[in-house]
Amino acid sequence: LRKPCRTWSIVLSIVLFMGILFVWPWKRREAEDPRDDYVSLRLLDNQRDYIDRKGVHVVVGHYIGDSVDPLKTPNITKDLINKNMFDPRPFEGKNGGPVLVPAKDFYKMQQLFQINRFNLMASDRIPLNRSLPDVRRKGCITRYANLSNLPKTSIIIVFHNEAWSTLLRTVYSVIDRSPRNLLEEIIFVDDNSDRDFLKDALDEHIKNLKVPTKVLRSRNRIGLVNARLLGANEAKGEVLTFLDAHCECTVGWLEPLLEAVAKNRTRVVSPVIDIINDDTFSYTRSFELHWGAFNWDLHFRWLALNGRLFKERRDNIVEPFKTPAMAGGLFSMNRDYFFELGSYDDQMKIWGGENLELSFRVWQCGGSVEIAPCSHVGHLFRKSSPYTFPGGVGEILYGNLARVALVWMDEWAEFYFKFNAEAARLRDKQPVRSRLALRKKLQCKSFEWYLDNIWPEHFFPKDDRFFGRIVHDSSKKCIMRPTTKGTYSQPSGYAVLETCMLRPILSQMFVMTKDGVIMTDESVCLDAPENDTQHKTPKVKIMACSGHNKQKWQYDEQTKTFLHVSSGMCLQSKNGEGPVIAACTRNVDQKWLLESIPWK
Ligand code: LR7
Ligand code: MN
């Protein structure tokens, strides 16, 4: 071999060898229970992450606090945002595949990205009727093969300054992949968009669709709740089906939703929400073994099912299952029931909070919120918002959330306001009398009932459990979950010991249940290995709550020690370093105080 050639072959063998080293254990890991390693799809928070299908944790980006008016970004002019640049190529994005933009267009592509905060050039190259894979499980196809007498639905799509291609691809996917006899009509609600092509050109285009379609227009920016109310008031279908303005429905998506609602009109049913990538527009199937809930800040979260529910779901993976909360954008609901139950809180502004409000209301007032695993719809997830929030993102979102808390959460509203200064500041500005009257009229149950019965594995404080700080007696430091930027918790990592803050902060707060589970926000639990033969003092972790024995602890008031039940070891910290478990000694290093913090 000549010399350069030999060098290359050595390099190549090293690469191959490393590849085998890394790929081999990786491949094997897929077969293990994945719930140990991640918390959830994390959405609508400062950090918006998700786990891809191979279990890789992908940090997607930032969300709240990041809304950008495209006209205030470099190189974007009014002319540019008003131009419809839809330019489809027949096979681009076919079967849900990624779009490949040639390198020569990269500059333009990045420029156009600002307009909608997704890759507009990529979207505009995909035909309106692109194909998507059938992502259903086999059982689903037979389960929904012979249906009769399903009700018709009105499809309601609200939008503010949406792109032509994403908006119409939503509609084409509905028309192409729904049985025609189940579609009553499609109703667009234009929430005061200012882009030219969303006016006459849209009115013209929809005349040719195979399903009766109309556009309602609001003369003011009214926000998504009031836009949806406009649509719902006009709708004639027995069922209302709401979709965001940038979705793509897959084959068989509608039948499971309508069948569930037809069987019982108090069911409110969402599809599994798959991921349309904001950069390549590729379609990725999401998990079915998740349900929707929320964190201490009342931000929506996907959580992995655990314990009883995981088994239940694994045994029956086709029937709709109950979820504490819905994501908000995609669901079907009986129209009369929607209005009987108080439709939406029309004092909610622009964006945010209405999904929890509806979820609490449905559950507490006698209905159910469910996910139909056989129904898959893709949603374009963005890292930031491409439109203005008049008055400010915080003012709007926390005002809406304050309303949710005040109306539905009883004493847990106090918990929310205690630790959320921004929402607390806005609470007195919220007139909620009419919504409280509605709650009374409908004789709705308490929030405690909701927590106990609908989400028994919740991590909120309650009178039957400890809530507060775990303080190391000798160093007087607090156990804390790993954080980034001071406040936002990471999905998992090693527990740390830090100076206790003067004003109690949530990342130093834990809940300990009667069962000995020590958990905190985001459904993460104090966790230590059952039998770690390599380390004498294995580090204590903060991991997704799994119900496993290795997450069970016992506190002894007398000796002030924490026993890690399954290993028989004790919680310890030497010189104020990160907590570990070690053979029990009753030494000062193993003494801890439980400092209760009042929460209501
Ligand atoms: O002022 C506005 N007027 C509008 O008409 C602001 C928004 N909108 C429209 C907008 O064009 C879009 O069609 O409202 C819809 C939702 O806004 P997005 O797509 O910018 O936000 P999002 O996808 O992050 O919104 C999620 O959270 C919202 C909270 O209010 C709503 O519940 C959305 O419906 C919800 N989207 C989903 O649930 C899709 C799956 C996401 C997940 C998980
Ligand atoms: Mn959306």
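Note on the stretch 381-407: among residues that are among the aromatic types (Phe, Trp, Tyr) and farther than 17 Å from residue 300 by Cβ, the one that is nearest to ligand 2 (Cβ to nearest atom) is 387. The criterion of being buried (at least 21 other Cβ atoms within 10 Å of the Cβ), of a type in the set (S, T, N, Q) and in contact (Cβ under 8 Å) with a residue 12 or more places away in the chain holds for residue 116.
For the stretch 348-366, the candidate set comprises residues that are surrounded by fewer than 23 Cβ atoms within 10 Å (Cβ to Cβ) and out of contact with any helix residue (DSSP H, G or I) (no Cβ under 7 Å at 6 or more places or on another chain); within that set, the residue that is nearest to residue 184 (Cα to Cα) is 355.
Counting just the residues of the stretch 369-402 that are out of contact with any helix residue (DSSP H, G or I) (no Cβ under 7 Å at 6 or more places or on another chain) and closer than 30 Å to residue 314 by Cβ, which one comes out farthest from ligand 1 (Cβ to nearest atom)? Residue satisfying both the conditions and the ranking: 373. Scanning the stretch 529-537 turns up no residue that is in contact (Cβ under 8 Å) with a residue 12 or more places away in the chain, in contact with a strand residue (DSSP E or B) (Cβ under 9 Å, 6 or more places away or on another chain) and buried (at least 21 other Cβ atoms within 10 Å of the Cβ). Condition check: among the small types (Gly, Ala, Ser) and surrounded by fewer than 20 Cβ atoms within 10 Å (Cβ to Cβ). Does residue 307 satisfy that? So residue 307 passes the test. So residue 314 clears everything in (1) surrounded by fewer than 19 Cβ atoms within 10 Å (Cβ to Cβ); (2) assigned to a strand (DSSP E or B) except one condition, right? Which one? So residue 314 meets the others, but not (2).
For residues that are away from ligand 1 (no atom under 11 Å from the Cβ) and hydroxyl-bearing (Ser, Thr, Tyr), scanning just the stretch 203-251, find the one that is farthest from residue 136 (Cα to Cα). Among them, the one singled out is 213.
Is it the case that some residue within the stretch 327-339 is of a type in the set (Phe, Trp, Tyr), away from ligand 1 (no atom under 12 Å from the Cβ), over 21 Å from residue 372 (Cβ atoms) and surrounded by fewer than 22 Cβ atoms within 10 Å (Cβ to Cβ)? Yes, that holds for at least one residue. Please list, ordered by first then second residue, the pairs with beta carbon atoms under 7 Å, 6 or more apart or interchain, first in the stretch 244-266 and more than 16 Å from residue 131 (Cα to Cα), second within 16 Å of ligand 2 (Cβ to nearest atom) and assigned to a loop (DSSP other than H, G, I, E, B). Partner pairs satisfying both residue conditions: 244/329; 244/330; 245/162.
Please verify whether the stretch 250-262 includes one or more residues that are in a strand (DSSP E or B) and out of contact with any Pro (no Cβ under 6 Å at 6 or more places or on another chain). Within the stretch 250-262, not a single residue is in a strand (DSSP E or B) and out of contact with any Pro (no Cβ under 6 Å at 6 or more places or on another chain). Of 211, 225, which residue is β-branched (Val, Ile, Thr), surrounded by fewer than 19 Cβ atoms within 10 Å (Cβ to Cβ) and touching a residue at least 24 places away in the same chain (Cβ under 8 Å)? Result: 211 is the single residue among 211, 225 that is β-branched (Val, Ile, Thr), surrounded by fewer than 19 Cβ atoms within 10 Å (Cβ to Cβ) and touching a residue at least 24 places away in the same chain (Cβ under 8 Å).
The strands (runs of 3 or more DSSP E) found entirely in the stretch 488-600 that carry 3 or more residues being out of contact with any Pro (no Cβ under 7 Å at 6 or more places or on another chain) and at pLDDT below 95 are 541-544. For the stretch 407-429, filtered to residues that are surrounded by 19 or more Cβ atoms within 10 Å (Cβ to Cβ) and in a loop (DSSP other than H, G, I, E, B), the residue that is modelled with the lowest pLDDT is 420. Scanning the stretch 252-270 for residues that are under 15 Å from residue 156 (Cα atoms) and either within 11 Å of ligand 1 (Cβ to nearest atom) or polar (S, T, N, Q) (or both) yields a single hit, 270. Contact map, the stretch 272-286: residues that are farther than 16 Å from residue 113 by Cα and among the charged types (D, E, K, R) paired with residues that are assigned to a strand (DSSP E or B) and more than 10 Å from ligand 1 (Cβ to nearest atom), Cβ distance under 7 Å, separation 6+ or inter-chain. Pairs shown: 274/283; 274/284; 274/376; 285/376. Counting residues in the stretch 341-353 that are more than 10 Å from ligand 1 (Cβ to nearest atom), aromatic (Phe, Trp, Tyr) and more than 22 Å from residue 67 (Cβ to Cβ) gives zero. Tell me whether the stretch 253-270 contains one or more residues that are at pLDDT 95 or above, closer than 30 Å to residue 165 by Cβ and either charged (D, E, K, R) or within 16 Å of ligand 2 (Cβ to nearest atom) (or both). Scanning the stretch 253-270, I find at least one residue that is at pLDDT 95 or above, closer than 30 Å to residue 165 by Cβ and either charged (D, E, K, R) or within 16 Å of ligand 2 (Cβ to nearest atom) (or both), so the answer is yes.
Looking at the structure I just gave you, is residue 352 out of contact with any Gly (no Cβ under 6 Å at 6 or more places or on another chain) and away from ligand 2 (no atom under 16 Å from the Cβ)? No, not satisfied. Somewhere in the stretch 370-381, is a residue touching a residue at least 40 places away in the same chain (Cβ under 8 Å), surrounded by fewer than 19 Cβ atoms within 10 Å (Cβ to Cβ), closer than 30 Å to residue 123 by Cβ and of a type in the set (Ser, Thr, Tyr)? No, every residue in the stretch 370-381 fails to be touching a residue at least 40 places away in the same chain (Cβ under 8 Å), surrounded by fewer than 19 Cβ atoms within 10 Å (Cβ to Cβ), closer than 30 Å to residue 123 by Cβ and of a type in the set (Ser, Thr, Tyr). Would the stretch 93-103 turn up any residue that is at pLDDT 95 or above and of a type in the set (A, V, I, L, M, F, W, C)? No, that holds for no residue.
Within the stretch 115-167, being in a helix (DSSP H, G or I) and either touching a Cys at 6+ places or on another chain (Cβ under 7 Å) or more than 18 Å from residue 197 (Cα to Cα) (or both) holds for 122, 138, 139, 140, 141, 142, 143. For first residues located in the stretch 159-185 and modelled with pLDDT of 95 or more, partners that are in a loop (DSSP other than H, G, I, E, B) and aromatic (Phe, Trp, Tyr) and lie 6+ apart or on another chain with Cβ distances below 7 Å form the pairs 160/387; 161/387; 164/86; 165/86; 177/253. Go through the residues of the stretch 454-466 one by one and say whether even a single one is surrounded by 16 or more Cβ atoms within 10 Å (Cβ to Cβ) and modelled with pLDDT under 95. Yes, the stretch 454-466 contains a residue that is surrounded by 16 or more Cβ atoms within 10 Å (Cβ to Cβ) and modelled with pLDDT under 95. Whether a residue is part of a strand (DSSP E or B), of a type outside the set (A, V, I, L, M, F, W, C) and within 16 Å of ligand 2 (Cβ to nearest atom) was assessed, and residue 378 passes this test. Just one of (1) part of a loop (DSSP other than H, G, I, E, B); (2) polar (S, T, N, Q); (3) within 16 Å of ligand 2 (Cβ to nearest atom) fails for residue 347. It is (3).
The values are calculated or read from the model by the stated rules, or taken from the named source; none is laboratory data. Keep in mind it's a predicted model, so treat the numbers as computed, not measured. All Cβ positions, even for glycine, are placed from backbone atoms using ideal geometry, and neighbour counts span all protein chains on display.
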